[in-house]
Amino acid sequence: MMRLSIFTVTCGLVALLSMNLAFAQSASDANTAQPAGSTSKSAIRAQNRQLSKAVRHALYATKGLTSSNIAVLVKGGAVSLVRTVPDSSQIQLAGDAAKRVPQVQSVDNRIVLEEEGAQ
C-alpha cells in the first residue's frame, strides 16, 4: 500500500512539473507560429531524450554526487531536476553539472533534501 502511495505521489509530481513547464512560456513564445515543415514531434521527443541522457550522464560522472535518486525532465532545452539527494551540498552540485551540458538552455532545480529515515 505504501509503494502505491509513493508511486501516486511521484506521478502527480511529474504531471505538475510538466504543466508548469507548459505555462512557463512568455507571451512572445506563445505568439510565435511554427513554420510549415518544422521539426516533427517525434524528432523533438528524440532530441529531448538525447539531452536527458546527456544530463543523466553528466550527473553520474560528477564526483561527490549521488545521482541515483535524481529524475531529469527535458522539454526543448529546458531541464528540470526533481526528487531527492542525501546531502544539501549535492543540490547545487547537480544544478551546476546540468548547466554545463551543451544544448541545455535553462535548469529548474527542484531537488530537495532526503528526509532522515526515508528509504
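Values computed for the structure shown
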read-out	value
Calculated from backbone phi, Karplus (6.51, -1.76, 1.60) coupling profile of segment 99-116 in Hz, x at Gly/Pro	5, 7, 6, x, 6, 7, 8, 8, 10, 9, 8, 10, 6, 10, 6, 5, 6, 5
Residues with amide H under 5 Å from that of Asp108, placed H, sequence gap 5 or more	Val79, Ser80, Leu81
Eligible lysines near Lys99 by straight Cα distance, threshold 24 Å, same-chain separation 8 or greater	Lys53, Lys63, Lys75
Net dipole in debye of segment 42-119 [+1 Lys, Arg Cβ; -1 Asp, Glu Cβ; about Cα centre; nearest 20]	540 debye
Distance histogram in 10 Å bins (all Cα pairs of segment 42-119, percent per bin)	21, 53, 21, 5, 0
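Where a number appears in this text, it was derived from the coordinates with a stated rule and is not lab data. Note that the structure is predicted; figures quoted are calculated from it, not measured. Glycine gets a Cβ as well: all are built from the backbone with ideal geometry, and neighbour counts include every protein chain shown.
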